[in-house]
Amino acid sequence: MANEVNNFQDIISHCKEYGYVFQSSELYDGLSAVYDYGQMGAQLKKNLRDDWWKSMTQIHENIVGIDAAIFMHPTVWKASGHVDNFSDPMIDNKDSNKRYRVDHLIEAFAETIDKIAGDALINEMEQLLAKDDFAGLKTLIENNKIKCAISKTSNWTEVRQFNLMFSTQIGSVAEEADTIYLRPETAQGIFVNFLNVQKTGRMKIPFGIAQTGKAFRNEIVARQFIFRMREFEQMEMQFFVRPGTQMEWYNYWKDTRKKWHESIGIPTEKLRYHDHVKLAHYADAALDIEFEFPFGWKELEGIHSRTDFDLSQHAKYSKKKIQYFDNDLNAEGKPYGNYTPFVVETSVGLDRLFLTIISLAYQEEKWTKEDGTEDSRVVMKIPAKLAPTKLAILPLLKKDGLPEIATELMKECKKHFHCFYEEKDAIGKRYRRMDAIGTPFCVTIDHQTKEDNTVTIRYRDTMTQERIPMSEVRTLVEKACKG
Ligand code: ATP
């Protein structure tokens, strides 16, 4: 029956039309690569965040959550290496003055040529990036005659590094003001609180600290809707382990995180691992969990074995001892030991996850009805446990006591999950609207309800309907939302 089309532009328009995502400051023609989440989007985002938070801090007894500030002491970013290293190689086109991230420019070109040549080009680029060989990257761009999308010329500058951090001033008196940065990742808030949490929570290694929050990057080529934004939200967890055991935990988290993505409804075949060729300055192993977005395979989450780099750097710059005293080593017959823990990080972008769920859910369906006429709908098949609204309660008519019964059901259910009440318009129209915003269940209260206390429940994904006792509605929805 379903004739499913997955068109990215249609998804973007749909997100706007149904209150999921708006361009930031749209009234003033928008702000590039910054987005607002509407009434539906904010709830979907919260449901995703809550599921992640639960999977980390509730399911894992040895992981706790914190909420660190966005502003941090400027030395944090010196110690972490971001002031010196958090940059991407960029190139400018001299005719259009348009700036490109070198990897994006080459990747976009690779998609326009045949697959074998494209893969070879990406491979060569990754080798050059790994060696920071900027001259080599420029030659690669020139040899492939890669052109600027605007000027259509290959008149390029040299390849240079640009730092991605936003800076601002803290302090009211200009002369005394200090330059501080908007955090480009949430992880550092965890590292600088390592001792606070370990001591006050009496945490024993291995243990993790999780946090969700905004991060900011001055992305030069911000594109593909909420995939690459200048202000976005991360959900990160740093797992502190004994030195030497990091690969064991790296493999554990590689597997655990992929399973979590599957648990929220992402099909296995739409996920894959990509091992990093160029490792970040702090990592001894790193991979991406990639998702097949409507515009191709891209990073959804990063798993990084960060060694003891961050804690050692903060110890060095703060001149404080940041170590863990491992009692258990003695029990194992090894000498007592203080050491700097190693860290395995999991870092997923909440906005990218949102885009993942939306692009899987959005479907355009067409079918032929029994009478031979055509029908169609746009439906968001968001898994019930993530859907912003779980249940729509719809009295068939606005009279004969039906709204009163519906209101009673609403009163009971809204204490347990998010419900929507609607009495306007024909029932078919109301169903279509619920399909479009992704509400998994609709119940209709009609005249039969007055006689036998049953209602019609309609299932979004199959559009099938059945009659059930009104007293069972709440349990049915709750069960489906548990997944
Ligand atoms: P990319 O290579 O796509 O720029 P990254 O490797 O710089 O990403 P990380 O620093 O590993 O990303 O950040 C962890 C996660 O944060 C990413 O997997 C992604 O989901 C998310 N993320 C990073 N940058 C952005 C951004 N500009 N907009 C939205 N999400 C982002």
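Checked against (1) more than 16 Å from the ligand (Cβ to nearest atom); (2) modelled with pLDDT of 90 or more; (3) among the charged types (D, E, K, R), ASP103 passes all but a single condition, namely (1). The conditions are (1) buried (at least 18 other Cβ atoms within 10 Å of the Cβ); (2) in contact with a strand residue (DSSP E or B) (Cβ under 7 Å, 6 or more places away or on another chain), and LEU329 fails exactly one of them. Which is it? With (1) buried (at least 18 other Cβ atoms within 10 Å of the Cβ); (2) in contact with a strand residue (DSSP E or B) (Cβ under 7 Å, 6 or more places away or on another chain) applied to LEU329, the lone miss is (1).
Of all residues in region 91-100, those being under 27 Å from the mean Cα position of the chain (by Cα) and surrounded by fewer than 20 Cβ atoms within 10 Å (Cβ to Cβ) number 1.
Quick check on my filter: what residues within region 263-292 are outside any loop (DSSP other than H, G, I, E, B), within 11 Å of the ligand (Cβ to nearest atom) and not charged (D, E, K, R)?
To start, the set of residues in region 263-292 that are outside any loop (DSSP other than H, G, I, E, B) comprises 263, 268-275, 285-292.
Pick out the ones that are also within 11 Å of the ligand (Cβ to nearest atom) and you get 274, 286-291.
Across region 263-292, the qualifying residues are HIS274, ALA286, LEU287, ILE289, PHE291.
Quick check: is even one residue across region 303-310 touching a Ser or Thr at 6+ places or on another chain (Cβ under 6 Å), outside any helix (DSSP H, G or I) and modelled with pLDDT of 95 or more? Yes. Flag: ARG217 does not match the condition of being within 15 Å of the ligand (Cβ to nearest atom), surrounded by fewer than 16 Cβ atoms within 10 Å (Cβ to Cβ) and not polar (S, T, N, Q).
If you take the residues of region 339-383 that are assigned to a strand (DSSP E or B), under 30 Å from VAL241 (Cβ atoms) and not hydrophobic (A, V, I, L, M, F, W, C), which of them is farthest from the ligand (Cβ to nearest atom)? Spell out the reasoning first.
Step one: of region 339-383, the residues assigned to a strand (DSSP E or B) are 339, 342-349, 362-368, 374-380.
Still in the running and under 30 Å from VAL241 (Cβ atoms): 339, 342-349.
Restricting the remaining residues to those that are not hydrophobic (A, V, I, L, M, F, W, C) gives 339, 345-347, 349.
Values: TYR339: 26, GLU345: 9, THR346: 9, SER347: 4, GLY349: 2 Å.
Restricting to residues being assigned to a strand (DSSP E or B), under 30 Å from VAL241 (Cβ atoms) and not hydrophobic (A, V, I, L, M, F, W, C), the top hit is TYR339.
For beta carbons closer than 9 Å, sequence separation of 6+ or different chains, a first residue in region 320-348 that is among the acidic types (Asp, Glu) and a second that is assigned to a strand (DSSP E or B) and more than 16 Å from the ligand (Cβ to nearest atom), the qualifying pairs are ASP326/GLY337; ASP326/ASN338; ASP326/TYR339. Among the strands (runs of 3 or more DSSP E) confined to region 135-225, the ones with at least 1 residues that are assigned by TED's automatic domain parsing to the domain that holds TRP52 and in contact with a His (Cβ under 7 Å, 6 or more places away or on another chain) are located at 207-216. None of THR179, THR200 is of a type in the set (Ser, Thr, Tyr) and either at pLDDT 95 or above or within 11 Å of the ligand (Cβ to nearest atom) (or both) except THR200. Residues in region 235-287 that are among the charged types (D, E, K, R) and within 21 Å of MET56 (Cβ to Cβ): GLU236, ARG242, GLU248, LYS254, ASP255, ARG257, LYS258, LYS259, GLU262. Being within 16 Å of the chain's Cα centre (by Cα) and on the phi > 0 side of the Ramachandran plot holds for only one residue in GLN224, GLN211, and it is GLN224. Residues in region 245-288 that are of a type in the set (Gly, Ala, Ser) and in contact (Cβ under 8 Å) with a residue 24 or more places away in the chain: SER263, GLY265, ALA280, ALA283, ALA285.
The values are calculated or read from the model by the stated rules, or taken from the named source; none is laboratory data. This is a predicted model, so every value here is computed, not measured. Here Cβ is always computed from backbone atoms with ideal geometry, including for glycine, and neighbour counts include all displayed protein chains.
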